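The values are calculated or read from the model by the stated rules, or taken from the named source; none is laboratory data. Just so it is clear, the structure is predicted and the values come from calculations on it, not from any experiment. Neighbour counts run over all protein chains shown; Cβ positions are idealised from the backbone, glycine included. Ligands, DNA and RNA are excluded from the accessible area calculation, which covers all protein heavy atoms including side chains. Shrake-Rupley method; radii C 1.70, N 1.55, O 1.52, S 1.80 Å.
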Amino acid sequence: MKSALSERFQRLYGRAPAVLAQAPGRIEFIGNHTDYNGGPVLGAAIDRGVTVALAPRDDGRRRFASEQRPEVATVEAEAPLAPVTGSASWVNYPLGVLAAFAAYGLRLPAGFDYLADSDLPVGAGLSSSAAIELASALAFAHLTGERLTRDTLVLIGRHAENHFVGVPCGILDQGVSGFGRKDHLVFIDCRGPVFGTVTLPAGVHFWIFNTHTRHALVDGLYAERHRECMDAARALGVAQLAEASPSHVADRASHLSIKLQRRARHVVDEIIRVEATLAALRAGDISTVGALLTASHRSSQSLFENSTVELDFLVDALVASPHVHGARLTGGGFGGAVMALTSEAFDDAGAARVADAYTQRFGRPPDILHTQTGDGASLLSP
Ligand code: ADP
Ligand code: MG
């Protein structure tokens, strides 16, 4: 993708890019809605992502293009760093990164020509947004000679998304895109946040089934779950749910409505599942890892109530298939995608059987993506 991108940059802007940077998409492996509750989460960077090509301009003008968008958007030199609306609003991701540079006291490039390309499905829960933020940040920093630590890179991406784009995401997406490593999972203790990696046993594969469904109220529902978790923490007398244990929740159940009991139980149990998954990974016990993934989905389904009939159908069909270790919704829920962790023996025919059953039931096929782990954000030579 990268040399082809340089050529297309050349065709579009009439000169070569000065720098190329890439950042991967990610899978939420386990840890559903734990991040903003101060809990741990495990994710995997995948072998697909966003690449950004960039060259400086002397006139202060910022020109943005994307292979996935029809037109070039120009931001004039004197224009303030403010979100744009309309068809070019995707530029809020790179513009938000520039605003984050300013907030972090980093030198930001004045003028430039910018071209993004991606082999990630957008809005499929694989975090194309974090990928475009991190690839943009690395390219901008290269232009001004800023050396970003990986922690700062991740925080800048999140800052752009939270404060400029206006999505209240936790640290998972950017953390995994930044710290991903082939054949590893990224572990994030969201309280720090502290980032680490853990080896993924050899011979496991990821299959993503994207339903293309998205609950009409997904943003509101996400915010509602967030609020419910904060309310549950308050009623339990803790600053965040990560400080509560299952017995704490059980002992104080009478202080919580049935709904808040469910939300709290999901989060405190899920935190224990993430820790158990880490231990099972370290022991190379992949069948226990798979069982924990499926248990996570069941908890999302019955306690956190962020699953859908489509996601449940896929999980049921997958866990009933041979060579599948476990399956769960990946991402915020209320639509989106299911991921299955499988052995090498799971193949296109196995995936097609699941997809066919899904199509019969819902009238349209899911998209299937067979993917491996990949490396985190990095500069590429142009
Ligand atoms: P997800 O992160 O799950 O893919 P989001 O809704 O958070 O979904 O982010 C998707 C948005 O990110 C797109 O609507 C677009 O604004 C921006 N984006 C991601 N990749 C690209 C790209 N290659 N070109 C232009 N915009 C992109
Ligand atoms: Mg996103």
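Data table
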| quantity | calculated |
| --- | --- |
| Per-pair calculated FRET efficiency, R0 = 41 Å: S381 and E243 via Cβ, rounded to 0.05 | 0.35 |
| Neighbourhood charge, 14 Å Cβ-Cβ cut-off, centred on A235 and excluding it, Lys, Arg +1 and Asp, Glu -1 | +3 |
| Potential lengthening between A283 and R214 on full extension [0.36 nm per residue; Cα-Cα distance subtracted] | 21.2 nm |
| Cα-projected label distance for R15 with S343, points at 7 Å along beta-carbon direction, nm | 5.7 |
| Area accessible to solvent at V249, 1.4 Å probe radius, in Å² | 0 |
| By accessible area with a 1.4 Å probe, ligands and nucleic acids excluded, highest first: order of R158, R227 | R227, R158 |
| Where L81, L303 fall by accessible area, highest first, once all protein chains stay in place (1.4 Å) | L81, L303 |
| Solvent-accessible area, 1.4 Å probe, carbon plus sulfur percent, for the chain | 50 |
| Tilt relative to the chain, helix 2-13 - C-alpha long axis, 0 to 90 degrees, to 10 | 50 |
| MRE, 222 nm, helices only [DSSP H, n ≥ 4, -39500 (n - 2.57), over the chain, to nearest 500] | -12500 deg cm²/dmol |
| Surrounding net charge for T330, when Lys and Arg each add one and Asp and Glu each subtract one, Cβ distance under 10 Å | +1 |
| Whole-Å distance, taken between Cα centres, linking segment 248-269 and segment 40-106 | 41 |
| Candidates L42, L153, L256, ranked by Gaussian network fluctuation over the chain, Cα under 10 Å, top entry | L256 |
| Degrees between helix 128-144 axis and first principal axis of the chain (Cα, 0 to 90, nearest 10) | 40 |
| Estimated vicinal HN-Hα couplings, Hz - segment 194-200 in sequence order (Karplus 6.51, -1.76, 1.60; Gly, Pro = x) | 10, 10, x, 10, 9, 5, 8 |
| Solvent-accessible area of I171 with every protein chain in place, 1.4 Å probe, in Å² to the nearest 10 | 10 |
| With 5 Å bins from 0: P(r) over segment 204-371, alpha-carbon pairs, percent | 1, 9, 17, 18, 17, 15, 11, 7, 4, 1, 0 |
| Mean accessible surface per residue for the chain, computed with a 1.4 Å probe while every protein chain stays in place, in Å² | 40 |
| Among S136, S245, S128: highest mean-square fluctuation, GNM of the chain, C-alpha pairs under 10 Å | S245 |
| Proximal charge balance of G220 [Cβ under 15 Å; K/R count +1, D/E count -1] | -1 |
| Crossing angle, helix 348-362 versus the chain [Cα axis fit, 0-90 degrees, rounded to tens] | 80 |
| Modelled label reach - Q68, point 7 Å along Cα→Cβ, segment 90-107 residues with backbone N closer than 14 Å | 90-94 |
| Most to least accessible of V72, V154 (protein chains only, probe 1.4 Å) | V72, V154 |
